[in-house]
2 protein chains.
Amino acid sequence: MKVVKFGGSSLADASQIAKVRSIIEADENRRVVVVSAPGKRRGEDTKVTDLLIQLGDSIQTDGTMDMDTYMKIIDRFRTMAEELALPIGVLETVKDRIDQAIDLVKEQSNNALDTLKACGEDGSALIVSSYLQQSGLQSSYVNPKEAGILVCDQPGGAIVLEESFERLYGLRERNEILVIPGFFGFTPEGQLVTFSRGGSDITGSIVAAGLKADMYENFTDVDSVYCVNPMYVESPKQLTSLTYREMRELSYAGFSVFHDEALIPAFKEKIPVCIKNTNNPSAQGTMIVAELPERESHVVGIASDKGFLNLYVSKFLMNREIGFGRKLLHILEDEGVSFEHAPSGIDDMSVIIRDHQLPPEKEQVVVQRIKEELEVDMVMIERDMAMIMIVGEGMNQTVGIASNAACAFREAGVNIEMINQGSSEVSMMFGVKSSELSSAVESLYRTFFE
Amino acid sequence: MKVVKFGGSSLADASQIAKVRSIIEADENRRVVVVSAPGKRRGEDTKVTDLLIQLGDSIQTDGTMDMDTYMKIIDRFRTMAEELALPIGVLETVKDRIDQAIDLVKEQSNNALDTLKACGEDGSALIVSSYLQQSGLQSSYVNPKEAGILVCDQPGGAIVLEESFERLYGLRERNEILVIPGFFGFTPEGQLVTFSRGGSDITGSIVAAGLKADMYENFTDVDSVYCVNPMYVESPKQLTSLTYREMRELSYAGFSVFHDEALIPAFKEKIPVCIKNTNNPSAQGTMIVAELPERESHVVGIASDKGFLNLYVSKFLMNREIGFGRKLLHILEDEGVSFEHAPSGIDDMSVIIRDHQLPPEKEQVVVQRIKEELEVDMVMIERDMAMIMIVGEGMNQTVGIASNAACAFREAGVNIEMINQGSSEVSMMFGVKSSELSSAVESLYRTFFE
């Protein structure tokens with residue numbers, strides 16, 4: 001059996017939902033469907049989830065409801081229900097649930113905002129299951145509570161509890177097509193909690209793992225994963241297959257197809273993941289699997305991300321001071337700052353940190369503590385750094401990849417501020433100034449893919 | 001004024017001491033002389049310090065003196081004294097001091113072995129000062145106690161005390177040429193303590209700093225510092241000038257001209273250091289200074305060292321665990337293991353450690369603790385790693401150096417196991433398998449110096 005997840009653009013309107021139906025019908029193994037909230041229909045459209053957040057904020061801010069936003073939300077669902085000619089009861093249920101959530105926000109109940117945000121996915125699921133049923137496919141809406149998705153109580157950042165997987169396995173008994181709203185679960189006490197943004201991918205992955213599915217299909221609006229961000233390179237190569245590790249490293253460093261942890265539950269159960277296009281379902285898509293036979297080229301992708309800073313510390317005779325590195329990292333930890341990398345020289349050490357981890361107020365505190373507690377000669381912070389990661393199984397043991405990469409930087413006239421290589425077997429990381437990111441990525445693409 | 005230090009080969013026999021005299025006479029600024037113990041006269045010869053250590057060991061092991069070794073030591077000094085036609089009293093003093101030190105070792109007195117080891121330098125100083133005096137140059141032997149070299153009581157690893165520098169400054173009052181034995185100092189309580197091996201360089205540097213000398217000249221048996229270890233490259237280029245930082249990074253990673261901390265006292269006082277050849281004093285030598293005007297090529301040297309290991313740790317979702325890196329370093333610190341570098345990936349981290357820091361017994365303990373306390377998925381230790389460092393002021397900001405280096409590795413067919421770049425402004429470090437060190441260094445030399 002397959003668990004199939006559809007993203008927001010696949011559920012944006014009635015014609016998209018018709019495509020979803022055809023896809024489900026085309027393969028009888030597609031038995032469990034996880035849906036996102038309705039996404040954008042056109043460029044300037046607003047996603048339903050964003051409308052719900054806007055609505056919740058307006059109530060919290062001035063106690064009254066922003067009627068314009070409310071109407072837009074109801075209208076999105078109304079148009080779909082009408083165009084799909086669904087029974088009037090479906091739209092009423094969707095509206096009732098939104099109204100109930102609004103009341104919770106007004107009452108300032110716990111997790112009320114999460115409950116309101118979740119109405120987008122919930123509405124999608126109600127509409128899709130009703131449409132499948134009406135068009136002749138046996139189908140039920142299954143609420144995450146009924147499905148057994150238990151999470152810890154961390155509003156907007158739910159983490160799945162281990163017992164969920166066994167509970168989900170029970171769904172295998174059901175014979176009809178099950179439609180589950182993505183993005184949220186419930187605490188053992190029955191409180192609704194949402195995952196982080198993009199959480200429908202997480203739900204899909206959890207459901208696939210719990211059901212021990214043969215495959216987790218993730219339908220988006222692209223034919224496949226690209227080997228590089230199309231923002232930097234025109235029509236880049238498509239990836240037909242990737243390993244879990246490659247995908248994880250790529251998505252960590254800016255590959256936006258997935259949140260970097262969304263696929264973990266599926267990976268743990270070694271379930272193959274396939275990225276496909278709702279608008280072109282016959283395209284091969286990208287398969288993500290545990291292991292792959294050896295390939296010709298070792299570099300499969302180039303990921304990149306802005307928004308890093310370099311905290312540079314130097315102290316004469318640092319390398320003779322046992323515990324210096326540990327103490328420096330301890331100060332950061334103490335201040336709640338997590339770090340990404342820490343390359344070190346003999347008398348100096350750099351710590352690469354995501355920019356938002358160190359706002360100016362915190363920067364002052366951290367710099368002060370480092371100066372005083374570690375008696376260093378210099379502390380310096382350099383912002384506007386970008387990281388570029390080249391990824392591929394086996395590249396760590398392949399002579400010449402580092403040099404090809406380094407030549408690409410030289411050809412682009414870009415200075416490499418930092419190289420981090422030697423720990424990961426599947427990636428190599430380079431730091432550059434943000435302003436030089438795009439030329440560096442272009443040049444790396446030419447080197448490894450053209 | 002200049003402080004001049006002569007190494008063991010410059011003091012190996014009478015003809016070498018005659019050269020030392022000419023060098024001192026040739027420049028009236030050479031007012032303070034620091035000497036090593038007599039070194040090897042030929043390839044198969046034994047250094048006097050090694051004979052003294054052998055002698056001390058024999059007494060400690062079986063309580064009796066190894067007469068053969070004793071006679072060899074006395075004979076080295078006797079031959080010199082005779083060939084230089086020194087008064088008989090000089091040899092008697094040298095012999096008396098050795099005999100007194102032997103008695104201390106027999107009595108198992110504190111620091112007795114240090115006292116015996118120091119007799120080599122002490123004998124050299126007595127002979128040189130007497131020879132200078134006899135040949136018409138006003139000269140005195142000055143004991144480190146009289147000179148004011150105070151150290152902490154750490155046998156074989158003395159560290160100079162701050163007050164020494166002021167005391168040494170007093171020597172500027174003296175008008176004759178002062179000859180000071182290198183390698184040892186005294187605790188404030190009057191106990192003799194030696195520096196680590198090669199400690200005459202340390203003495204020279206301390207004396208130059210204390211006297212605020214205009215230059216510290218260090219006479220060895222090579223015309224200059226080479227840009228790469230001549231073991232790997234035939235007659236490599238000579239370096240005419242280097243900055244302190246370059247020298248420090250180079251000597252950290254295997255440049256054997258100096259112990260990497262020997263020059264620190266001189267550096268702190270910004271005293272220019274000149275490496276010269278006793279056997280070819282007219283050669284230009286290598287100047288080491290605080291700052292240099294910009295040079296054409298940014299790479300000035302390639303240093304390399306074997307004997308490292310890589311402790312590799314992987315754990316799923318490591319990058320989400322605040323404090324993981326710090327905890328790992330803490331375990332090492334707890335076990336007294338100091339580390340060199342710690343490159344990290346997303347779910348893995350490597351720690352580069354000097355091999356001798358982690359003997360097999362300790363390896364077991366450390367690995368066990370990492371497994372249990374950090375609940376990692378994998379710990380692996382890979383020995384036989386070598387580090388190569390390319391060094392040069394300004395290279396951090398020069399586009400293309402990383403790529404030239406990486407190309408050199410590729411041309412040699414050597415895989416780069418680790419790259420550490422981004423912290424130091426003057427160096428870039430590469431890890432390779434020890435077996436590939438020599439071909440990598442050759443190739444780097446061709447790239448940067450040919």
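What follows draws every value from the coordinates through simple rules; no lab data is involved. Since the model is a prediction, treat every value here as computed from it, not as a measurement. Every residue, glycine among them, receives a Cβ derived from its backbone with ideal geometry; neighbour counts consider all protein chains shown.
Give, rounded to the nearest 20 debye, the magnitude of the charge dipole that the protein assembly as shown has about its Cα centre when Lys and Arg contribute +1 at Cβ and Asp and Glu contribute -1 at Cβ. Mind showing how you got there, number by number?
Details: 86 positive and 136 negative charges, 203 e Å.
For the protein assembly as shown, the charge dipole is close to 980 debye.
So for region B:301-449, taking the charge dipole from beta-carbon charges (+1 Lys/Arg, -1 Asp/Glu), which of B:Val414, B:Gly431, B:Gln368 sits furthest toward the positive end?
So the residue we want is B:Val414.
Relative contact order, percent, of region B:301-449 when contacts are C-alpha pairs under 8 Å separated by at least 6 residues? The partial results should precede the final answer.
Details: 248 pairs, mean separation 44.1, N = 149.
Result for region B:301-449 is 30 percent.
Rounding to the nearest 20 debye, state how big the charge dipole of region A:50-160 is about its Cα centre with +1 on each Lys and Arg Cβ and -1 on each Asp and Glu Cβ. Each step should come with its number before you reach the end.
On the way: 8 positive and 18 negative charges, 57 e Å.
Dipole size: approximately 280 debye.
May I ask you to sort B:Cys227, B:Cys407, A:Cys119 by Cβ crowding, counting other Cβ atoms within 10 Å and putting the fewest first? Mind dumping the intermediate values first?
Numbers: B:Cys227 24, B:Cys407 21, A:Cys119 28.
By the 10 Å Cβ count, ascending, the order reads B:Cys407, B:Cys227, A:Cys119.
For A:Val179, what residues show an amide H to amide H distance below 5 Å, using hydrogens built from the backbone and excluding near sequence neighbours?
Placed amide hydrogens put A:Val33, A:Ser140, A:Tyr141, A:Val142 under 5 Å from A:Val179.
Along Cα-to-Cβ, 7 Å out, sits the label point; list in nm, shortest first, how far the one on B:Leu161 is from those in the other copies.
Its label point is 6.6 nm from the equivalent points in the other copies.
Near A:Asn280, within a Cβ-to-Cβ distance under 13 Å, what is the net charge of the other residues, with Lys and Arg +1 and Asp and Glu -1?
Details: positive: A:Lys19, A:Lys276; negative: A:Asp221, A:Asp223.
So the environment of A:Asn280 carries a net charge of 0.
Straight-line reach only, C-alpha to C-alpha below 17 angstrom: list the aspartates and glutamates that B:Lys371 could link to, leaving out same-chain residues fewer than 8 apart.
Partners found: B:Glu321, B:Glu333, B:Asp334, B:Glu335, B:Asp347, B:Asp348, B:Glu361, B:Glu363, B:Glu382.
Among DSSP beta bridges whose residues both lie in the protein assembly as shown, state the antiparallel percentage, nearest 5.
Rounded to the nearest five, the antiparallel share is 60 percent.
Who wins for biggest fluctuation among A:Gly301, A:Gly156, A:Gly120 in a Gaussian network model of chain A, springs between alpha carbons below 10 Å?
A:Gly156
Using θ = phi - 60° and the Karplus relation 6.51 cos²θ - 1.76 cosθ + 1.60, list the HN-Hα couplings for region A:130-138 in order, rounded to whole Hz, with x at every Gly or Pro.
Karplus values, whole Hz, x for Gly and Pro: 5, 5, 4, 4, 5, 8, x, 9, 4.
Suppose every Lys and Arg Cβ carries +1 and every Asp and Glu Cβ carries -1, with no other charges. What dipole size does chain B come out with about its Cα centre, to the nearest 20 debye?
Working: 43 positive and 68 negative charges, 177 e Å.
Approximately 860 debye in magnitude.
So who's got an amide H within less than 5 Å of the one on B:Ile419, skipping anything under 5 residues away but keeping other chains? H placed 1.01 Å off N, in plane.
Close amide H contacts, sequence-distant or interchain: A:Gln421, A:Gly422, B:Gly431.
Have a look at the DSSP beta bridges in chain B and tell me what percent are antiparallel, nearest 5. Intermediate results must be reported in sequence, preceding the final value.
On the way: 39 of 66 bridges.
Beta bridges within chain B, antiparallel portion: roughly 60 percent.
Under a GNM of chain A (C-alpha, springs under 10 Å), which listed residue has the highest mean-square fluctuation: A:Ser139, A:Ser130, A:Ser58?
Looking only at A:Ser139, A:Ser130, A:Ser58, the biggest GNM fluctuation is shown by A:Ser58.
For the charge dipole of the protein assembly as shown, defined by +1 on Lys and Arg C-beta atoms and -1 on Asp and Glu C-beta atoms about the Cα centroid, which residue among B:Val399, A:Ser129, A:Leu311 has the Cα displaced farthest towards the positive pole?
The residue sitting most towards the positive pole is B:Val399.
Once the Cα atoms of helix A:437-449 and of chain A are each reduced to a long axis, what angle between those two axes, in degrees from 0 to 90 to the nearest 10, is obtained?
Approximately 80 degrees, to the nearest ten.
Report, in listed order, any pair from B:Lys19/B:Lys72; A:Lys433/B:Lys237; B:Lys72/B:Lys106 with a Cα-Cα distance greater than 26 Å.
On the way: B:Lys19/B:Lys72 24 Å; A:Lys433/B:Lys237 35 Å; B:Lys72/B:Lys106 20 Å.
Long pairs (Cα-Cα over 26 Å): A:Lys433/B:Lys237.
Which of A:Val300, A:Val366, A:Val3 has the fewest other C-beta atoms within 10 Å, and how do the rest follow up to the most?
Working: A:Val300 27, A:Val366 23, A:Val3 33.
With the sparsest Cβ surroundings first, the list reads A:Val366, A:Val300, A:Val3.
Name the shape class, rounded, prolate or oblate, that the alpha-carbon gyration tensor gives for region A:2-289, where a ≥ b ≥ c are the square roots of its eigenvalues, rounded holds for a/c under 1.5, and otherwise prolate holds if a/b is larger than b/c and oblate otherwise.
Values: a/c = 1.35, a/b = 1.32, b/c = 1.02.
In terms of gyration-tensor shape, rounded.
Excluding A:Arg369 itself, what net charge comes from residues whose Cβ is under 9 Å from its Cβ, given Lys and Arg +1 and Asp and Glu -1? Intermediate results must be reported in sequence, preceding the final value.
On the way: positive: A:Lys371; negative: A:Asp334, A:Glu335, A:Glu372, A:Glu373.
That sum, taken over residues with Cβ under 9 Å, equals -3.
Step through the residues of region B:155-167 one at a time and calculate ³J(HN,Hα) from phi using the Karplus curve (6.51 cos²θ - 1.76 cosθ + 1.60, θ = phi - 60°), rounding each to whole Hz and writing x for Gly and Pro.
Coupling constants for region B:155-167: x, x, x, 4, 10, 5, 8, 3, 5, 4, 4, 5, 4 Hz.
If I build a Gaussian network model for chain A, linking alpha-carbon pairs within less than 10 angstrom, which residue out of A:Ala303, A:Ala26, A:Ala408 has the largest mean-square fluctuation?
A:Ala26
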